[in-house]
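**Q** Here you go, one structure.
Each reported figure results from applying straightforward, stated rules to the coordinates on display, with no laboratory input. This structure is a prediction, so every number in the text was calculated from the model and none was measured. Using ideal geometry, Cβ is built from the backbone for each residue, glycine included, and neighbour counts are taken over all protein chains shown.
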Amino acid sequence: MAICPNCGITNPDDLESCRRCGAPLGPPRNPPYQTYDQAPAGYDQSQGYYAQDPQGYAQDPQGYAPHPQAYAEAARVLKRPSSSKDKGTAILLVIFLGILGIHRFYVGKVGTGFLMLVTLGGAGIWAVIDFVTILNNNFEDKFGFVLDS
């Protein structure tokens, strides 16, 4: 698209003069991005995307994988805080009194415990879901902390 230097309107490239004011149009402007018919110099696509950096920096042959100890350290640091409530106690409560929601009263979730009590654990379905959630270490107390194993 060619932009008229006189009035600023955008005109098709095939016009020699502006369709609004008639001023002569120059050559069409280059697009704001650079297009390539092939990959830029320095990129070797045969060995993958990260084969060689265009600035010539050496690449990690293992694909930038951190050391295994870094994973262990990250898991230790990022561990979710645990609750003062015991997971074993919650499992026993959900097994024997799950449809009454007693396990939810135990972890401090009084509102949902009362709803489970009234609905008999959602006809037992809610209690089964809570049982699986507790086993998978995803059940939280009223403060959002995971139950202590």
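**Q** Please compute the modelled spin-label separation between residue 115 and residue 143, points set 7 Å along Cα→Cβ, answer in nm with one decimal.
**A** Taking the two extended label points, one gets 2.3 nm.
**Q** Evaluate the stretch 82-148: find the radius of gyration of its Cα atoms, find its Kirkwood radius, and give the ratio Rg to Rh.
**A** In the stretch 82-148, Rg relative to Rh is 0.93.
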